[in-house]
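Asks: Here's a structure for you.
The values are calculated or read from the model by the stated rules, or taken from the named source; none is laboratory data. Every value quoted in this text rests on a predicted model; they were computed, and no experiment measured them. Every residue, glycine among them, receives a Cβ derived from its backbone with ideal geometry; neighbour counts consider all protein chains shown.
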């Protein structure tokens, strides 16, 4: 039968297809070259000739070709697969031919049929079992495949009951050696032989080897001292001791292990994470290495951060996925700000004299842009980019770029461009949820930046006090010709715009007294004004937005623009006002407690890896904060506010609380009904840092005790010898 390739789209459901799905075997036939060309053209990996066993099928409906699928001999070494099966080296060598790899699966791009992929997988395994045994006289026991998570979700394999074993290390065979390609893939397997399953009983629990290895490494070093737990006041910690902390850290780190390169990299990662969580005074690489690994560990840790091959990009994406799983919710906010760190010298990547927000003046520094997220589930940092000044792309910096391993294809981008791209990437991720974007005035004053933001998000953008707006939408007109000179052609507005600071002293717009929320020191009381204005674009009117003005306790004034709809209630405009602070909180926590600004790395990869490891440590501490959350059982000193309310309503509720009366306000409660994170980052670190007694200090203490023992031994020995001598001399005298 002759088959045809038709690019007419096919859409709908599987049952709506006119003809059933069939597989036509083409390997070792005249059609094999057609299959090769088809896959090479439409599959993202293309196709090159391969050696070893292979079976290839065209996917057919009627006389029309709609895809292709192939199978080949299995990968020789695959750690997660081998641990899942549980076989030894000798058994693996003898039975590996029974493991088959699904190396290509293609549905043509103009075929969009629901459940088609999982259906093809189902019928292909049945047909493969017959064809592979007939062709090679080997019965398939298990099928494996690799899914690029950056391009596919693996949904069809999951729907067909394949088991995901984790990720590859990101290496590929190139000639006789393996080359790191930086794209770890998800590993899926499907057992197709009952005898094999009964004999080996594959178990997904065997894949927790990384977790057990981390626990072993934690428990096997002298920095962890479980006896100190007896002094802690938290029953959960005292009850479970070192086991609790080591298991918590192992559970946290195990999802990042597949992105490491060599086996010893796990030890380096664990050393750096422990350094972040400990009370080492300076948490750059060298002090951490000296503390936990001794002098010999300094160079290896430096190489790990600068030039060792491991997938920090993939690890960052995995970190982002985990943060999203924990934090994303419908009312959340993407937060963004610049993070500048003063640096001495001129050789660190991206350093130059520029405005340093940390110092509030022009100074030698590295500037970066960071993106966070805040919502009812907590807050954290999501992404970061180092700002590379335009001068760094000049020929005068060519040697420094090479020295600092700056990627060859890197192009100059402004901070606002970097931030816009990061936000777009986050919003386009499959798991994103959120409503707001909050930025500081360096981004908020840039109209092009605000225009670039995703249209489905509401922005709450800080602006300078000299920002111009129209009090209301003006009429544009061309002035009448006076009869002299050139005729007017440029339109004018009927009135001039004003600075936003003009509204502060405008008595016609009164201040509102409100309670925005409950903070660490009690109710957050503010005075604000909410005004509908028209923004200014090139001296003309732009879109209508909300101007939010807030007077702080120190009488300083903050200004922000918000593009909530015109009919939005005041409490809706106020809601994002408190969410923007979270990114500053992240900066403070990561700098003050986790050493984000304490680094001695100069290179591009070194900087990125330092920030990444800091964020992974920060996420771990935030997880512990959640573990130690407490659900209040009785009212506190003030009512609890779920969203901004008027000060009068809050005071009325407080009076009812004092009188033991019910509070009937929809946004005010006697106490929160959800667990509250009472421990700060600093307190959590105080809790766990006793486990991290440093080797350096421990050796000093041991040295002190050894010296005391030696002194005691010497003193006691001399005394004993003197006593023995005296006794002997006395005996001689008596004998004589």
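Asks: Output the residues belonging to the stretch 119-131 that are surrounded by fewer than 21 Cβ atoms within 10 Å (Cβ to Cβ) and out of contact with any helix residue (DSSP H, G or I) (no Cβ under 8 Å at 6 or more places or on another chain). Break it down stepwise before answering.
Replies: So the first thing to find is which residues in the stretch 119-131 are surrounded by fewer than 21 Cβ atoms within 10 Å (Cβ to Cβ), and the list is 119, 122-123, 125-127, 129-131.
Scanning the stretch 119-131 gives 122, 123, 125, 126, 127, 129, 130, 131.
Asks: Residues to consider are 30, 41; find the one that is free of Cβ contacts under 8 Å to residues at least 60 places away in the same chain, over 30 Å from residue 255 (Cβ atoms), surrounded by fewer than 18 Cβ atoms within 10 Å (Cβ to Cβ) and within 36 Å of the chain's Cα centre (by Cα).
Replies: 41
Asks: Would it be correct to say that residue 540 is farther than 29 Å from residue 641 by Cα and either more than 39 Å from the chain's Cα centre (by Cα) or surrounded by fewer than 16 Cβ atoms within 10 Å (Cβ to Cβ) (or both)?
Replies: Numbers: farther than 29 Å from residue 641 by Cα: yes; either more than 39 Å from the chain's Cα centre (by Cα) or surrounded by fewer than 16 Cβ atoms within 10 Å (Cβ to Cβ) (or both): yes.
Considered against the rule, which asks whether it is farther than 29 Å from residue 641 by Cα and either more than 39 Å from the chain's Cα centre (by Cα) or surrounded by fewer than 16 Cβ atoms within 10 Å (Cβ to Cβ) (or both), residue 540 comes out as yes.
Asks: Same structure again: Being surrounded by fewer than 12 Cβ atoms within 10 Å (Cβ to Cβ), at positive phi, at pLDDT below 95 and under 41 Å from the mean Cα position of the chain (by Cα) is the requirement here; does residue 52 meet it?
Replies: Values: surrounded by fewer than 12 Cβ atoms within 10 Å (Cβ to Cβ): yes; at positive phi: yes; at pLDDT below 95: yes; under 41 Å from the mean Cα position of the chain (by Cα): yes.
Taking the combined requirement at face value, the residue satisfies it.
Asks: Name every residue in the stretch 133-167 that is farther than 29 Å from residue 205 by Cβ and either free of Cβ contacts under 8 Å to residues at least 24 places away in the same chain or crowded, with 21+ Cβ neighbours inside 10 Å (or both), in order of residue number.
Replies: 133, 134, 137 - these are the residues of the stretch 133-167 that are farther than 29 Å from residue 205 by Cβ and either free of Cβ contacts under 8 Å to residues at least 24 places away in the same chain or crowded, with 21+ Cβ neighbours inside 10 Å (or both).
Asks: Within the stretch 325-340, how many residues turn out to be surrounded by 21 or more Cβ atoms within 10 Å (Cβ to Cβ) and under 15 Å from the mean Cα position of the chain (by Cα)?
Replies: So the answer is 4.
Asks: Might you let me know whether the stretch 566-575 holds any residue that is closer than 19 Å to residue 445 by Cβ and buried (at least 20 other Cβ atoms within 10 Å of the Cβ)?
Replies: Here is the first cut: in the stretch 566-575, the ones closer than 19 Å to residue 445 by Cβ are none.
Among the residues of the stretch 566-575, not one is closer than 19 Å to residue 445 by Cβ and buried (at least 20 other Cβ atoms within 10 Å of the Cβ), which makes the answer no.
Asks: For the stretch 415-454, how many residues meet the condition of being in a loop (DSSP other than H, G, I, E, B) and over 23 Å from residue 465 (Cα atoms)?
Replies: We begin by selecting, within the stretch 415-454, every residue in a loop (DSSP other than H, G, I, E, B); these are 428-435, 440, 445-446, 453-454.
Narrowing further to those that are over 23 Å from residue 465 (Cα atoms): 428-435, 454.
Count: 9.
Asks: Now a separate question. Please determine whether any residue of the stretch 387-395 is under 15 Å from the mean Cα position of the chain (by Cα) and either touching a residue at least 24 places away in the same chain (Cβ under 8 Å) or surrounded by fewer than 16 Cβ atoms within 10 Å (Cβ to Cβ) (or both).
Replies: Of the stretch 387-395, the ones under 15 Å from the mean Cα position of the chain (by Cα) are none.
Within the stretch 387-395, none of the residues are under 15 Å from the mean Cα position of the chain (by Cα) and either touching a residue at least 24 places away in the same chain (Cβ under 8 Å) or surrounded by fewer than 16 Cβ atoms within 10 Å (Cβ to Cβ) (or both).
Asks: Take the stretch 105-118 and flag every residue that is surrounded by fewer than 19 Cβ atoms within 10 Å (Cβ to Cβ) and touching a helix residue (DSSP H, G or I) at 6+ places or on another chain (Cβ under 7 Å).
Replies: First pass over the stretch 105-118, keeping only residues surrounded by fewer than 19 Cβ atoms within 10 Å (Cβ to Cβ): 109-110, 112, 114-115, 118.
Result: 109, 114, 115, 118.
Asks: If you don't mind, another one. State all residues of the stretch 353-374 that are over 17 Å from residue 440 (Cα atoms) and in contact with a helix residue (DSSP H, G or I) (Cβ under 6 Å, 6 or more places away or on another chain); if no residue qualifies, say none.
Replies: Correct list: empty.
For (1) in contact (Cβ under 8 Å) with a residue 60 or more places away in the chain; (2) more than 20 Å from the chain's Cα centre (by Cα); (3) outside any loop (DSSP other than H, G, I, E, B), each residue gets a yes or a no:
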| site | (1), (2), (3) |
| --- | --- |
| 246 | no, yes, yes |
| 252 | yes, no, yes |
| 257 | no, no, yes |
| 261 | yes, no, no |
| 274 | yes, no, yes |
| 283 | yes, yes, no |
| 287 | no, yes, yes |
| 298 | no, yes, yes |
| 319 | yes, no, yes |
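Asks: Which one is farthest from residue 439 (Cα to Cα), of the residues in the stretch 553-567 that are under 33 Å from the mean Cα position of the chain (by Cα) and either without any contact (Cβ under 8 Å) to a residue 24 or more places away in the chain or part of a loop (DSSP other than H, G, I, E, B) (or both)? Give the derivation first.
Replies: Going through the stretch 553-567, the residues under 33 Å from the mean Cα position of the chain (by Cα) turn out to be 558-565.
Filter once more, so that each one left must be either without any contact (Cβ under 8 Å) to a residue 24 or more places away in the chain or part of a loop (DSSP other than H, G, I, E, B) (or both): 563-565.
Details: 563: 13, 564: 15, 565: 19 Å.
It comes out as 565.
Asks: Also: Of the residues 106, 96, which single one is closer than 15 Å to residue 67 by Cα, touching a residue at least 12 places away in the same chain (Cβ under 8 Å) and in contact with a strand residue (DSSP E or B) (Cβ under 9 Å, 6 or more places away or on another chain)?
Replies: Working: 96 fails: closer than 15 Å to residue 67 by Cα.
Only one candidate passes the filter, namely 106.
Asks: For residue 302, indicate whether it is more than 30 Å from residue 629 (Cα to Cα), crowded, with 17+ Cβ neighbours inside 10 Å and modelled with pLDDT of 80 or more.
Replies: Numbers: more than 30 Å from residue 629 (Cα to Cα): yes; crowded, with 17+ Cβ neighbours inside 10 Å: yes; modelled with pLDDT of 80 or more: yes.
Yes, satisfied.
Asks: Residue 5 versus (1) at pLDDT below 95; (2) closer than 19 Å to residue 105 by Cα; (3) in contact with a helix residue (DSSP H, G or I) (Cβ under 8 Å, 6 or more places away or on another chain); (4) assigned by TED's automatic domain parsing to the domain that holds residue 166: which is the lone unmet condition?
Replies: Going through the list (1) at pLDDT below 95; (2) closer than 19 Å to residue 105 by Cα; (3) in contact with a helix residue (DSSP H, G or I) (Cβ under 8 Å, 6 or more places away or on another chain); (4) assigned by TED's automatic domain parsing to the domain that holds residue 166, residue 5 breaks only (4).
Asks: Of all residues in the stretch 581-605, count the ones that are surrounded by fewer than 20 Cβ atoms within 10 Å (Cβ to Cβ) and closer than 15 Å to residue 684 by Cβ.
Replies: Number of matching residues: 3.
Asks: Here's a follow-up. Given the structure, is residue 531 in contact with a helix residue (DSSP H, G or I) (Cβ under 9 Å, 6 or more places away or on another chain) and either under 21 Å from residue 448 (Cα atoms) or in a strand (DSSP E or B) (or both)?
Replies: Yes, satisfied.
Asks: Another question about this same structure. It is to be established whether one or more residues within the stretch 454-466 are free of Cβ contacts under 8 Å to residues at least 60 places away in the same chain, surrounded by 11 or more Cβ atoms within 10 Å (Cβ to Cβ) and out of contact with any helix residue (DSSP H, G or I) (no Cβ under 9 Å at 6 or more places or on another chain).
Replies: Checking the stretch 454-466: not a single residue is free of Cβ contacts under 8 Å to residues at least 60 places away in the same chain, surrounded by 11 or more Cβ atoms within 10 Å (Cβ to Cβ) and out of contact with any helix residue (DSSP H, G or I) (no Cβ under 9 Å at 6 or more places or on another chain).
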